[in-house]
Every structure is written in structure tokens, then in C-alpha cells.
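Asks: Starting off with a structure, shown below.
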Amino acid sequence: EKGRLSEFIPQRVGFRRFELDGKVMKLNGKRIVFKGVNRHEFNCRTGRAVTREDMLWDIRTMKQNNINAVRTSHYPNQSLWYELCDEYGIYVIDEMNLETHGSWQKLGKVEPSWNIPGDFPEWRDIVLDRAISMLERDKNHPSILIWSCGNESYAGEVLRDVANYFRERDPSRLVHYEGVFHNREFDDISDMESRMYAKPADIEAYLRENPKKPYISCEYMHAMANSLGGMHKYTELEDKYEWYQGGFIWDFIDQTVVKKDRYGKEFMAFGGDYDDRPTDYNFCGNGIVYANRVVSPKMQEVKFLYQNVKLHPDRGGVRVKNDNLFVGLDDYELIAVLYRDGEEVYRTVVQLLPDIAPQSEAYVKLELPDVSEVPGEYALHTSLVLREPELWADAGHEVAFGQHVFVVDSKGDTSGASDIGPTKEKLRVVHGDVNVGVHGEGFSALFSKAVGTLVSLRYGDREMIAIPPKPLFWRALTDNDKGVSQGFHAAAWFAASLAPKGELVEVEEAEQQVRVTFRYALSIHPHVSVTVKYTVSGGGRVHVHARYEGAPGLPELPIFALSFKMKADYNQLDWYAMGPDENYIDRCHGARLMRFQNRVADNIAKYVVPQESGNRTGVRRVDITDTAQRGLRITAPYHAPVECNISPYTAFELENAYHPYELPNVHYTVVTVTGRGSGVGGDDSWGAPVHEEYRIP
């Protein structure tokens, strides 16, 4: 049709460039025929042009989550992106379009026998042309601080020529190149020590050894699916070493393609789903944002650990540390909220902060109520928020957060389970050949000698347990777990979880409580056992204590938990735990102790390949109810909270699914109460284990 393409699409921006000749497309309802050679930027994920609004969403999301720098891996980006970085304030490493990874690295091993461009003069002009094109196009963007010679192309005289060109043509900027890490003969190419996926200990070793250059991780924290565990180990280096200059998470957004399954339902497809071979399968699903531009749960940790202002509250106030390099805190106000057992009891706003200059700190006193005589667990939440709207966020947006948790109990009881205590209600115990029943007013619990567990918990005429509880030692493998071959090394725990053999070993009766103990033998080792004690008391309360007795020489446990099923009608959750987004013992710094609500279905993160997700640490209480608020309450002491994962699927159903559409229809709510779960890791996804302190020996 008549008219320029720009009339239909205001901003021609995106991710992949296609040659379109004679193709017919529909854009915004208009039919367009491409004649001749028409170049247009196109979004492979959605089949539409990436708009200015998409890029605005990207840059606002980065700013709102304290991300302050972007590396344009591994080629220059659309010009509009640099304009937005100029306008919104993002530091940029502009990277030349060069990667020859496969010419010198095979299956992770360095073997540069036919490395290109290397020292070959025939490659010099075409490589230098890319450097010249990038610099001349982008040189006037103040957001660009560093030129990058490309990515993963080893080293050689050609790249040295590129670096020297950058310095001669533009001496105002630094030059970056990571590849010299593999060949120190060309160390002069890069003005900074740049490494990929170096472990925190390796980075610290470099910084301790009288470094000659400042350090940057040009890629770190490989964010493939359920990842970013242990990220705090990297950000903690900021306060220890002046020459540590941070890093770039790989990467921002998942790269997947919308496709329909055989039944016409859309899903996020990845490598191999188009019969493409060879392929890296889901290896492009490593963003902190899903491909449909929805923030993933990992962003909770990123935002907290990237805070430019640190808040350290206590019972008298909050220490405010301004780590900004240039700006004070005049544009912010401080909000402090005191919670008792998850319920708000006091709120104050400090509208005028003291003059806290960049790279300084001050203590802000807060006039909090005296709660010394009111028992409970208290959480003081402090937030630094925008006083006025900014280009990148609305007024009230939180830029920094800190919390302080303390317990007040004049009786010395810090259990936190205020609704659980001694009662005068008498219980009736019925011993059968197969079952032991415990009956109280309006409830009953049934323990099976044959099944070897609690098989029924009824309140009135409502049965709470659809499938009985049993010990669990397995969680669905994450991509990082697969990267360290956990499915191979820990497979015995998978088998042990399928069929623990339980027997009733003891029934202890008293008027006001009854204790029933089971012991489970496990196929993994003859001397390993798990003991589970159920103590039933008045009001239908059941105290559960599980103990694992290990043995030498066994593989590490992925998890130690009890898991059972309720009917899927019980799909409403009310938490008092660390949240609101999923968190794990090595990825919980960004979580806060709070009361929040969600549904069971919400706890399946939209990772490309189904895997472990939706866990919460620090669980003091969670209510699992139907829409009429009928159901179960799980509590744990303040001083010994548990982890909980409440999901529509078992670990084994998730384990067996390669795409979300392979998961079964939902019939149950699967409740997993965890004494300890291992972390998720994230230094990389192809061999880096979870850090030792976050594993289970």
C-alpha cells in the first residue's frame, strides 16, 4: 500500500533485522507489502515491531529496580536505546559486533589453534570497520562510558589494533575486553580486569593481590530460570574493595518464541521446539524478566542488593548510608512502619531527612511506641521513597528498604504460636488392628499402621488430607541443579522419596495430648531413618516434629521436608513469612518478613522449563483455605521458622515436565513443609555448585 513504513510504526526498533522482499504482513491492522529490500527491526518473540513503549518499559524497569548500567551484548543496539539511556541515566558499555567463540573454545576448553581474528591481517579491515561504525554512530551519547572490543573472541593483534583505535579516536573513554583473561600476552587491550562468571572467592583473591586494574564482571550471576542464589557474595565486595566496580547480570530478558502446542494453546517455545538441531534448548531462558515483559521473582533480590542507599533500622531509629557518588537524599522521604505478628501497629513519615551527602551516613531517630509490655514478634520496615514523580517512577516509589525484627515476650516464651498451648480438653483414643484414632471436640485424627503415617485429619465433616504426608528429600531440578549433574549425584534421594517405608513405633497417651511416632526406613542406606512424631492436643491442634538421622558417605540432600496433598479447593493462601516473592536460603536478602496473600497457582514461576519454584523461607504461619476461609493453618515458632512450598504440583510432576503444557490438570494443593532446603545457586549454570553454607550435608 501507499505510504512509508514509518507511518505505520512510529519507531523502527527491536532485536533482529530481516530482509523482506515481496512479503505481506499485517501491522496494527494495516496490510503492508514489502517491495524491493526493506530493512526493519523486528521482535522475534512476538512477531511485531518493538515499540518505543517496549523500550520505555525496559528502561523504567531497570531504573525502578536500581540497575544503573547496561552492556550491549554482543553488538551495538538500536540508536533509540542510547537516547533513552542518555535521558534516563544509565551507564553503557557499547560493544562491537564480534564473537568468534567457537573458533577457540570447545565444550568449555580453551583450544585456540584456529582462533580468529587472532593475528591474521586478512581479518583486520572488516573487524576494524565494525569498531569505526560503532564509534562514529554512537560517540555523542554521554551515557556511553566504555567501548568494548567485542565478546569471547580470544585475543590477538587485530583486537589490539581495535583497542588502540578506540583510544586514539576517543581518548575520553575507557576500553573493555574480557578475552585477554585467556591470553595475558595481550593484557594491554583492556583498561580493566574483566572476567565472566568468576566466583566471589576468585574475585576477592584478585583484589587482594595488589591489582593493577579495577575489576568488572562483564557477565555474572547467570540468571537461568530459578537462579541468582548467592548474589549477595558479589555485592558485599563493594564495601571491601575500592577497585571492585560491580558486574553485569546475564541477562535482562528471556529469549523465547510464542508457539502453539498441538492443541492450539500458546506457550513459550525455545531451542529444539522447531526441530532445529543442533540446539542449546532452553539456554536462552536466563533473564530476570520473562519474555512477555513480566518481572520474574529474581528481581526482588536484584533490587535490594543494588540499592544505592542502605537502611539499617533498630528499635530506636535507622542508620541511613548514602552510597550514591553524586546526589544527596533531598528528593526522598523515609517511611517507617512497625508490624506485630504481621499486622501494622504504627506508621510514621520523615519528610525532611538530615543532610546526608553522597558517600556518608547518618542516624535518623524514630519516635516508636513502647511495646515492651505487648508480647509478639515485631518487624520494623523502613523505606526510602520518592517525594515527587520522576521520569522513571511515580511519587512514592520505593528505592531502598531495610527491616529489623525483634521479639517481645514478658513470659519468656518465644514460640510465636500464641494459639497453641495446654488445654483442658480430654481426648479419646481408639486402638484398632490397623488404625489408631484420636478424637476431640469437633475433630479426629487417624493414624495408620499399614500406611505408616497420619492418614486423616477431620474437622466436623471436612477431611483435610487428600494424600497422606511422608518424608521428602527431592525437589524438581532447577537448571542450575542440572548444570552440576545433581540428578546424577543425588539420584538416590529421588528414589528414597518415592517409597519411604514407615512403621508405627509408639503411642503415648495422656488426657490432654496423644503422641504417635512413626519411623521411616529409606532405600538409600540401611542405617538411615526419619522419625516423625505427631502430638495431638485439644482444639484439633497437631504438633509435628520430624528428625533425620544421617549416615556417612551419602550424597547431599536437596531438601528435607514433609509433603502431603489437600484438595485443590484449598487454593487461597495467607502468609506470615518472608516474601512477597519466592525466596530461598541463598536468595532471601530482598524478601521481607510480612503478611501477604496469594493463590496456590501463583507459586509456579513462569520459568521456561518447569522446575522448583515458589518457595518461601521464614514461615511463621500460612493459612491454606478455600474461598469460604475453611482449611488448615500451619505455624512455626519465631525462633525456628520453616520453609513452605505450596503448589498445584508435586516435585515429581514438575521433574517430568519439559514444557508447562506437559503438566497435568490440577486436582490437588501440594503442601511441602521444609526443615531445610538447599539454595538455588547462580554463579553459573554449567558447573558452579550452590555455595557450601547453603547446601545440606
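Here's the yes/no breakdown for (1) under 16 Å from the mean Cα position of the chain (by Cα); (2) not in a loop (DSSP other than H, G, I, E, B):
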| site | (1), (2) |
| --- | --- |
| Asn598 | no, yes |
| Asp602 | yes, yes |
| Ala605 | yes, no |
| Gln611 | yes, no |
| Ile624 | no, yes |
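Asks: Let me ask another. Taking only segment 142-156 into account, find how many residues are in a loop (DSSP other than H, G, I, E, B) and of a type in the set (S, T, N, Q). Give the derivation first.
Replies: Of segment 142-156, the ones in a loop (DSSP other than H, G, I, E, B) are 142-143, 149-150, 152-156.
This time we only want the ones that are of a type in the set (S, T, N, Q), so: 143, 153.
Here the count works out to 2.
Asks: Check whether at least one residue in segment 284-302 is in contact with a Gly (Cβ under 6 Å, 6 or more places away or on another chain) and either closer than 25 Å to Tyr91 by Cβ or free of Cβ contacts under 8 Å to residues at least 12 places away in the same chain (or both), and report yes or no.
Replies: The answer is yes; a qualifying residue exists.
Asks: Within segment 158-174, can one find any residue that is assigned to a strand (DSSP E or B), within 30 Å of Glu301 (Cβ to Cβ) and modelled with pLDDT of 95 or more?
Replies: yes
Asks: Let me ask something else. Open to solvent by 30 Å² or more (accessible area, probe 1.4 Å) and not in a helix (DSSP H, G or I), is that true of Ile116?
Replies: So Ile116 passes the test.
Asks: Let me ask you something else. For the subset of segment 562-614 comprising residues that are small (Gly, Ala, Ser) and touching a residue at least 60 places away in the same chain (Cβ under 8 Å), which member is surrounded by the most Cβ atoms within 10 Å (Cβ to Cβ)? Before you say what the answer is, go through the steps one by one.
Replies: Restricting attention to segment 562-614, the residues satisfying the condition of being small (Gly, Ala, Ser) are 563, 568, 577, 579, 590-591, 601, 605, 613-614.
Adding the requirement that they be touching a residue at least 60 places away in the same chain (Cβ under 8 Å) leaves 563, 568, 577, 590-591, 601, 605, 613.
On the way: Ser563: 23, Ala568: 17, Ala577: 26, Gly590: 24, Ala591: 23, Ala601: 13, Ala605: 19, Ser613: 23.
Ranking the candidates gives Ala577 first.
Asks: When only residues in segment 278-310 that are part of a strand (DSSP E or B) and more than 18 Å from Gly579 (Cα to Cα) count, which is most open to solvent (accessible area, probe 1.4 Å)?
Replies: Looking at the filtered set, the residue picked out is Lys310.
Table: residues versus (1) hydroxyl-bearing (Ser, Thr, Tyr); (2) at pLDDT 95 or above; (3) in contact with a Phe, Trp or Tyr (Cβ under 9 Å, 6 or more places away or on another chain).
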{"site": "Val50", "(1), (2), (3)": "no, no, yes"}
{"site": "Glu53", "(1), (2), (3)": "no, no, no"}
{"site": "Trp57", "(1), (2), (3)": "no, yes, no"}
{"site": "Asn68", "(1), (2), (3)": "no, yes, yes"}
{"site": "Gly89", "(1), (2), (3)": "no, yes, yes"}
{"site": "Glu95", "(1), (2), (3)": "no, yes, yes"}
{"site": "Pro112", "(1), (2), (3)": "no, no, yes"}
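Asks: Do the conditions hold for Val528, that is, is it open to solvent by 40 Å² or more (accessible area, probe 1.4 Å) and either aromatic (Phe, Trp, Tyr) or more than 30 Å from Tyr638 (Cβ to Cβ) (or both)? Let's see the steps before the verdict.
Replies: Details: open to solvent by 40 Å² or more (accessible area, probe 1.4 Å): no; either aromatic (Phe, Trp, Tyr) or more than 30 Å from Tyr638 (Cβ to Cβ) (or both): yes.
No: the conditions fail for Val528.
Asks: Next up: Looking at (1) farther than 22 Å from Ser497 by Cβ; (2) in a loop (DSSP other than H, G, I, E, B); (3) over 18 Å from the mean Cα position of the chain (by Cα), can you tell me which one His589 breaks?
Replies: Going through (1) farther than 22 Å from Ser497 by Cβ; (2) in a loop (DSSP other than H, G, I, E, B); (3) over 18 Å from the mean Cα position of the chain (by Cα) one by one, His589 breaks only (3).
Asks: Within segment 193-252, can you find the residues that are surrounded by fewer than 17 Cβ atoms within 10 Å (Cβ to Cβ) and hydrophobic (A, V, I, L, M, F, W, C)?
Replies: Listed by number, the residues that qualify are Ala201, Ala205, Trp243.
Asks: A follow-up question, please. Look at Leu353 and say whether it is assigned to a loop (DSSP other than H, G, I, E, B) and open to solvent by 10 Å² or more (accessible area, probe 1.4 Å).
Replies: On the way: assigned to a loop (DSSP other than H, G, I, E, B): yes; open to solvent by 10 Å² or more (accessible area, probe 1.4 Å): yes.
So Leu353 fits the description; yes.
Asks: Further question: With the structure loaded, tell me whether Met268 is out of contact with any Pro (no Cβ under 7 Å at 6 or more places or on another chain), open to solvent by less than 50 Å² (accessible area, probe 1.4 Å) and at pLDDT 95 or above or whether it fails that test.
Replies: Against the criterion (out of contact with any Pro (no Cβ under 7 Å at 6 or more places or on another chain), open to solvent by less than 50 Å² (accessible area, probe 1.4 Å) and at pLDDT 95 or above), Met268 does not qualify.
Asks: For residues that are modelled with pLDDT of 95 or more and of a type in the set (Asp, Glu), scanning just segment 378-416, find the one that is farthest from the chain's Cα centre (by Cα).
Replies: Glu388
Asks: OK, next. Check whether at least one residue in segment 537-551 is surrounded by fewer than 21 Cβ atoms within 10 Å (Cβ to Cβ), in a loop (DSSP other than H, G, I, E, B) and over 19 Å from the mean Cα position of the chain (by Cα), and report yes or no.
Replies: Checked against the condition, which is being surrounded by fewer than 21 Cβ atoms within 10 Å (Cβ to Cβ), in a loop (DSSP other than H, G, I, E, B) and over 19 Å from the mean Cα position of the chain (by Cα), segment 537-551 yields at least one hit.
Asks: Continuing with this model, one more query. Which of (1) farther than 30 Å from Tyr378 by Cβ; (2) in contact with a Lys or Arg (Cβ under 9 Å, 6 or more places away or on another chain) does Lys567 not meet, given it meets every other one?
Replies: Result: Lys567 fails condition (2) only.
Asks: So which pairs qualify, if the first residue must be in segment 672-697 and in contact (Cβ under 8 Å) with a residue 12 or more places away in the chain, the second must be basic (Lys, Arg) and part of a loop (DSSP other than H, G, I, E, B), the Cβ gap must be under 6 Å, and the two must be at least 6 apart or on different chains?
Replies: Once the first residue is in contact (Cβ under 8 Å) with a residue 12 or more places away in the chain and sits in segment 672-697, its partners that are basic (Lys, Arg) and part of a loop (DSSP other than H, G, I, E, B) give Ser678/Arg695; Asp683/Lys199.
Asks: Kindly indicate whether Tyr154 is buried (at least 17 other Cβ atoms within 10 Å of the Cβ), more than 20 Å from Trp243 (Cα to Cα) and at pLDDT 95 or above.
Replies: Yes.
Asks: Do we find that His182 is in contact (Cβ under 8 Å) with a residue 40 or more places away in the chain and surrounded by fewer than 18 Cβ atoms within 10 Å (Cβ to Cβ) in this structure?
Replies: yes
Asks: Taking Val609 as the residue in question, decide whether it is over 17 Å from Lys298 (Cα atoms) and not hydroxyl-bearing (Ser, Thr, Tyr).
Replies: Judged against the criteria, Val609 is not a match.
The values are calculated or read from the model by the stated rules, or taken from the named source; none is laboratory data. All figures in this text were calculated on a predicted structure; none of them were measured in a lab. Backbone-built Cβ (ideal geometry, glycine too); neighbour counts: all protein chains shown. Heads up: the accessible areas ignore ligands, DNA and RNA and are worked out on the full protein's heavy atoms, side chains in. Shrake-Rupley method; radii C 1.70, N 1.55, O 1.52, S 1.80 Å.
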